[in-house]
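Following this message is one structure expressed as structure tokens.
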Amino acid sequence: GFLSAIGVSLAASLLGLSRTSSRSSILVSCEMKAVASAETPLAQRRVMPKPGTLLVTVAALACLAALAVVVTDSRSSRPTMLLDEPELYMNQYQGQVLSAGPPAPCTSLAGCGVSQPNYENPASAPNYNSAEGMTYMPSTSSGVSAEDQSPEIPAYFLDEEAKSEKRMKRLMHVLKKSRKMQDILDSKVKKLQDFVDEEKTSIKNQVLQINQKDSDKISSPSHEVVGPRGPPGPPGVNGLAAANGINGAPGPEGPRGRQGDTGPPGAPGARGAKGSSGQRGVTGVQGIKGIVGPGGHTGPEGPEDQSGTWGANKYFCPGAATKDMRLMDCNTGSCRLETRYNGVWGSVCDSGFSQKSADVLCKALGFPEGGKARRHGGGAGPIWLSRVNCVGNEGDIGDCPKTCGAPGCGHGNDVGLCCYGFVNTKKGHRKNTRIAMKTVHQLRSECYKPDACPAMAKGAKTVRFNQNCGNPPKGGWQSSMGIGEYARFSKGVCDDDKQMCVHKCGMEDNQLGSMDIPEGLAVKLYDGRAFTGSKITYYGPRRVDCLNWEGWQNRPSSIKIMKTKKRPRSAWTVRVFHGGGRAINTMPSSAALDYVGTGVTNFINFHSAGEIAKVVSGTPTYNYMVTFYGNVKVTTGGKYQFCTTSSDGSYLYVGSISHMVVNNGPGRHGVKQVCNYETLKSGNTYHIIVKMFKGGSGGSTIQAMWSGPDTQGNSMLLTSSDAVSAVPPPPRKSNWALRMFSASWNLQIIPDIDNTKYLGSKTGIKMVDFSNLGQLRNLVPSTPSSNYVWVFYGSLRIEQAG
């Protein structure tokens, strides 16, 4: 803009000078045509320069025109034939397409491609309405004189033209640099636009995914039931708002607005929480001593002089009393201290009685100055306490550390107190009263005697406890106990914390061997006193022949007997199979053994073949296999542990015969326990199968236990709620049929039976196992010594695929 202003002003001033010469008119037009040729290539490439570039270019044109005017001479007196008509010149150049390619440097008009017009011959005048590399200025009507048609361009004009070309190159360099900067700016704008487009696409895809999820939910299988066409639904809710675009560059800070009017005062805020207390200030200086107060009233007249008794160690010690403590038989030395327990007053032995205790108890009796202890004696009744050693804040002798009773102490050692001063109404009281005790053990520790429990009501249910194992147990103590919480038992006495009394139970600590629980009661055993330590719970109806057979190897030191809801009796189906006289060394299939029989038992808890024989008659003492079938109902789901204890191999299956949970060895071994975990769901009933076998001679043990949420973590015998469901029918006993044939020729191969002679038959054969002719003749007596054929007929049932 600066260059444009200079150029326009110079052009305007110098155009006035150009009117003095006709040569100046020609030079100005020629210079302008030269500039037009220089700009021709740019126009043909359709470059649209920026406004700043265009102003610079216009300014350059103006400057070049001014320079051309300066170098003109004034030889002609006809200067106005061209500049008098500027509109014609400007209109002639508007809208014309400039020729392509930059002009070559020229030293003359002919070199610049301009033909010298012949103004004398009108026919040879050029066509000013066409452009052939250069558009000529149209002639004026007055013509040009011959002397104005200079055949040569002056040298100084060419010098100025060269300078103009240099300036033009610099201008072109500036234009090229501005175009490069414009390209960089366009590239950044494109990147920004691409980023915005990507964000828009990402947001659109997120909205599509959300809509697709909602559509999938709507079109899920639970919604695929086609019902009758319903009425049009209400308009849908608005879609999710699109995410905000990226923040643009901050704009310039706007002018600061005027300050607003002051608003009305706000409502008072809620009262804040009370602050913490500050630090204590420094102690102030001591004030001045006050004046002496007025004299007090005259006191009452004192008692008469008793010179015979009052004096040092000669006055009577004062007596006093509270609800549970009193001073009796006072003299000049002391008063005997007595206390009450179980409603009976008794004395206190002076053994271990501290002087501090005397001071504390005198204050508790209402003597704020305390007192001292002396031996007094002379009491009667029980001596309740000894070794009393009060701490300092007790309100009664029953709250001080002490020993109940006084072994080796007689009434000659009864302690006495001599308290100082006058008694007041502020007295102590006992905290450790009988009613404050929570257990029988606490009663004893605070020197109270527990009451005897009342007799049980007629017909009340009781649990029978026995010292020894067995059914029935032999020898040892026996006891029947009802509902209660027996925190400890010793020397035939059981503490019942539920009724805060004691039973003569006959039980001894850590000696229980067996018990019989009726229906409606449950027994929880603890191996520690006061219901501590390991525990196990049994629910009636239940007979426990020996605790160590149940997997709980401890002996109880405390017992709780409580009511419980009626539970279905546990029941397991028991099936026994016999090996037929052959030894069994690994777990067999029942299909390969002889079926003995079926029975029902409450629990899988056997410790001899004789116990199993009580359930299934005919069970042999060895070489047999037992299968138990039951169903376990789970109330609380979770992780459960299943265990089998057996003297030979045993398996435990949960759910089906194909899901083994416990594998206690397939072969023979000593008594051992193997456990494994299984996760069960609440409310489900699981079919349980337990298998065991006994090979050779020796003890026979099989026990199935479990623990988990339904047993409260206790290891208990596995309970089956149903012994019938999912139990296969009992197998048929092995039964083969035999037919005997004879041949009249020497047999070398198995013959066609149709060509032989039928001799006889036999059924009810358990197994095909013959080693000599005599065994066959026992079945068919007419069997010959040779050339005979036997045929056995039977059906084989497969229990496990394989």
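The values are calculated or read from the model by the stated rules, or taken from the named source; none is laboratory data. Keep in mind it's a predicted model, so treat the numbers as computed, not measured. Neighbour counts are summed over all protein chains in view; Cβ atoms, including those assigned to glycine, are modelled from backbone coordinates with ideal geometry. Accessible surface areas use protein heavy atoms only, side chains included; no ligands, DNA or RNA. Shrake-Rupley method; radii C 1.70, N 1.55, O 1.52, S 1.80 Å.
Among the residues of the range 693-725, which ones are charged (D, E, K, R) and surrounded by fewer than 23 Cβ atoms within 10 Å (Cβ to Cβ)?
Passing the criteria: Asp710, Asp722.
If you check Tyr686 against the conditions, is it of a type in the set (Phe, Trp, Tyr), out of contact with any helix residue (DSSP H, G or I) (no Cβ under 9 Å at 6 or more places or on another chain) and within 28 Å of Tyr622 (Cβ to Cβ)?
no
Right, Lys766: open to solvent by less than 90 Å² (accessible area, probe 1.4 Å), basic (Lys, Arg) and either in contact with a strand residue (DSSP E or B) (Cβ under 6 Å, 6 or more places away or on another chain) or in contact (Cβ under 8 Å) with a residue 24 or more places away in the chain (or both) or not?
So Lys766 does not fit the description; no.
Here's something else I'd like to know. Checking Asp497 against (1) touching an Asp or Glu at 6+ places or on another chain (Cβ under 8 Å); (2) surrounded by fewer than 20 Cβ atoms within 10 Å (Cβ to Cβ); (3) within 26 Å of Pro450 (Cα to Cα); (4) in contact (Cβ under 8 Å) with a residue 40 or more places away in the chain, which single condition isn't satisfied?
(2)
List, please: which pairs have Cβ atoms under 9 Å, are six or more places apart or on different chains, and start with a residue in the range 580-604 that is of a type in the set (D, E, K, R) and end with one that is outside any loop (DSSP other than H, G, I, E, B) and open to solvent by 20 Å² or more (accessible area, probe 1.4 Å)?
Asp594/His578
Pick out the one residue from Val493, Val440, Val463 that is more than 50 Å from the chain's Cα centre (by Cα) and β-branched (Val, Ile, Thr).
Answer to the selection: Val493.
Another question, then. Considering only residues that are open to solvent by 20 Å² or more (accessible area, probe 1.4 Å), within 16 Å of Ala530 (Cβ to Cβ) and of a type in the set (Ser, Thr, Tyr), which ones fall in the range 466-494?
Ser490
Restricting attention to strands (runs of 3 or more DSSP E) lying wholly within the range 327-376, give those where 2 or more residues are under 24 Å from Lys431 (Cβ atoms) and open to solvent by 30 Å² or more (accessible area, probe 1.4 Å).
344-348
Wholly within the range 608-657, which strands (runs of 3 or more DSSP E) include no fewer than the required count, namely at least 3 residues that are touching a Gly at 6+ places or on another chain (Cβ under 6 Å)?
In the range 608-657, the matching strands (runs of 3 or more DSSP E) lie at 638-648.
Of everything in the range 396-419, what is within 60 Å of the chain's Cα centre (by Cα), surrounded by fewer than 19 Cβ atoms within 10 Å (Cβ to Cβ) and not hydroxyl-bearing (Ser, Thr, Tyr)? Give them in sequence order.
Pro401, Cys404, Gly405
Any chance the range 613-629 includes a residue that's surrounded by fewer than 15 Cβ atoms within 10 Å (Cβ to Cβ) and within 34 Å of the chain's Cα centre (by Cα)?
No, the conditions are met nowhere in the range 613-629.
Right, here's the next one. Of everything in the range 381-395 that's of a type outside the set (A, V, I, L, M, F, W, C) and within 17 Å of Arg336 (Cβ to Cβ), which residue is least open to solvent (accessible area, probe 1.4 Å)?
Ser386
Quick test for you: out of Trp736, Trp745, pick the one residue that is open to solvent by 50 Å² or more (accessible area, probe 1.4 Å), in contact with a Pro (Cβ under 9 Å, 6 or more places away or on another chain) and touching a residue at least 12 places away in the same chain (Cβ under 8 Å).
Trp745
Taking the stated definitions as given, is Arg555 surrounded by 15 or more Cβ atoms within 10 Å (Cβ to Cβ), charged (D, E, K, R), in contact (Cβ under 8 Å) with a residue 12 or more places away in the chain and in a strand (DSSP E or B)?
Considered against the rule, which asks whether it is surrounded by 15 or more Cβ atoms within 10 Å (Cβ to Cβ), charged (D, E, K, R), in contact (Cβ under 8 Å) with a residue 12 or more places away in the chain and in a strand (DSSP E or B), Arg555 comes out as no.
Being free of Cβ contacts under 8 Å to residues at least 24 places away in the same chain, closer than 26 Å to Pro729 by Cβ and surrounded by fewer than 22 Cβ atoms within 10 Å (Cβ to Cβ) is true for just one of His669, His687, His659. Which residue is that?
Of His669, His687, His659, the one residue that is free of Cβ contacts under 8 Å to residues at least 24 places away in the same chain, closer than 26 Å to Pro729 by Cβ and surrounded by fewer than 22 Cβ atoms within 10 Å (Cβ to Cβ) is His659.
What number of residues within the range 452-465 are in a loop (DSSP other than H, G, I, E, B) and either among the hydroxyl-bearing types (Ser, Thr, Tyr) or surrounded by 19 or more Cβ atoms within 10 Å (Cβ to Cβ) (or both)?
Of the residues in that region, 2 qualify.
Moving to a separate point now. Which residues, counting only those in the range 501-534, are assigned to a loop (DSSP other than H, G, I, E, B), over 40 Å from the mean Cα position of the chain (by Cα) and surrounded by fewer than 20 Cβ atoms within 10 Å (Cβ to Cβ)?
Residues satisfying the conditions are Gly506, Glu508, Asp509, Asn510, Gln511, Gly513, Pro518, Glu519, Gly520.
What is the one condition in (1) of a type in the set (S, T, N, Q); (2) more than 19 Å from Trp345 (Cβ to Cβ); (3) within 60 Å of the chain's Cα centre (by Cα) that Ser386 does not satisfy?
Checking Ser386 against (1) of a type in the set (S, T, N, Q); (2) more than 19 Å from Trp345 (Cβ to Cβ); (3) within 60 Å of the chain's Cα centre (by Cα), the one that fails is (2).
Can I ask one more? Of the numbered conditions (1) under 17 Å from Gly343 (Cβ atoms); (2) open to solvent by less than 90 Å² (accessible area, probe 1.4 Å), Val440 satisfies every one except a single condition; which is it?
(1)
Would a scan of the range 576-593 turn up a residue that is β-branched (Val, Ile, Thr) and open to solvent by 60 Å² or more (accessible area, probe 1.4 Å)?
Yes, some residue in the range 576-593 is β-branched (Val, Ile, Thr) and open to solvent by 60 Å² or more (accessible area, probe 1.4 Å).
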